[in-house]
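Every number in this text was worked out from the coordinates using simple rules, so none of it is lab data. Everything numeric here is computed off the predicted structure, so don't read it as measured data. Methodologically, a virtual Cβ is constructed for each residue, glycine included, from the backbone with ideal geometry; neighbour enumeration extends over all protein chains shown.
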Amino acid sequence: YDEVYHLAGKLGVGYVTAEPYAALRGNALVTLRVLDWLAAGGGRKLLFASTSEVYAWTQSFHALPYPTPEDVPLAITDVAEPRASYAGAKIVGELAVGHGCRAAGLPYVVARYHNVYGPRMGNEHVVPQLLARAAAGENPLVVRSAHHVRAFCYVSDAVAATIAAMRWSGSGTFNIGNDEEPVAIGALARRLVAAAGVKARVVDEAADARDPIPRRCPDISRARARLGYRPEVRLERGLALTSEWYAAQRRELVDA
């Protein structure tokens, strides 16, 4: 294979918190096995899906630039913290991919995804969870960590950046996301309620202390310069498309 996209992963805060060892073991082993297969002649170039979680705990040691570039140190703090299992596995993955591919003489790309959303993303992430709660008639809609800021990237933009990164001539790491419209989670909930056409009052709750970064936004200047990547889908449009898809899924379940 000319192009090998390693996008498989066990993720989701709820899952990782409940099953930290399974998350760590699954994410680490699958990457190591892919690398063994590549070294045996399975493919010519690898793209590894990483995450902004790899630097989530770095802020415990020093302030992170905002937006955050690719060259910040990666860290975890308390190894007994269940959520650290996912970040730790992805740090291991980045180490393994870099050293493994260099040892095998193969080019590689690490893609650090930042809050990709859209249709078919499952139900374990903030956008579909908020949509489901609003559609179920939850009113008021209580939002945890409402003042935390994230930068959401619509799936078609993430796909375009992923393919461009794979077909780039070199090896390295790229942030993949959208730095143009960072939004507080409380404000995101209000926009989702509007996109879904639901009448619900959004109530902001205090921040969740388990999340170490109150503001997270990728610096994608490297992807802009080297890949020609430009996010195309504005947040309002992306939320509308996502809301429409999940609403259609709910109607199909009712009809069934």
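Observations on the structure shown:
- Taking all pairs of distinct alpha-carbon atoms in the range 33-170, Kirkwood radius in angstrom: 17.4
- Karplus 3J(HN,Hα) series, Hz, for the range 33-39 with 6.51 cos²θ - 1.76 cosθ + 1.60 (x for Gly, Pro): 5, 4, 5, 4, 5, 4, 4
- By the Cα gyration tensor, the range 166-205 has an equivalent ellipsoid whose semi-axes, rounded to whole angstrom, run 36, 12, 7 from largest to smallest.
- Protection-proxy order for peptides 153-161, 54-62, each taking the mean of Cβ atoms within 10 Å per residue, highest first: 153-161, 54-62
- Each of Gly238, Val202, Leu192 was scored by the projection of its Cα onto the charge dipole of the range 150-240, and the greatest displacement toward the positive side belongs to Gly238; charges sit on the C-beta of Lys, Arg, Asp and Glu.
- The orientation-averaged projection of the convex hull spanning the C-alpha atoms of the range 122-243 amounts to 8.0 square nanometres.
- Modelled spin-label separation between Val92 and Asp2, with each label point placed 7 Å from Cα along the Cα-to-Cβ direction: 3.4 nm.
- Largest-first principal axis extents, alpha carbons of the range 21-89, Å: 42, 28, 12
- Fully extending the segment from Val159 to Val72, taken as 0.36 nm per residue of separation minus the present Cα-Cα distance, adds 28.9 nm.
- Per-residue ³J(HN,Hα) for the range 10-25, Karplus 6.51 cos²θ - 1.76 cosθ + 1.60, θ = phi - 60°, Hz, x for Gly and Pro: 9, 8, x, 4, x, 5, 4, 5, 7, 10, x, 5, 4, 5, 5, 5
- Partner lysines whose Cα lies under 29 Å from the Cα of Lys90, excluding those fewer than 8 positions away in the same chain, are identified as Lys10, Lys45.
- Nitroxide proxy distance, nm - points 7 Å out along Cα→Cβ at Ala18 and His99: 3.4
- Amide H partners (placed H, <5 Å) of Thr51, local residues excluded: Tyr113
- Each stretch of four or more DSSP H residues adds -39500 (n - 2.57); spread over every residue of the chain, this sum gives -13500 deg cm²/dmol at 222 nm.
- If only the Cβ of Lys and Arg carry +1 and only the Cβ of Asp and Glu carry -1, the dipole of the chain around its Cα centre is close to 260 debye.
- For the chain, the relative contact order works out to 22 percent when only alpha carbon pairs closer than 8 Å and six or more residues apart are counted.
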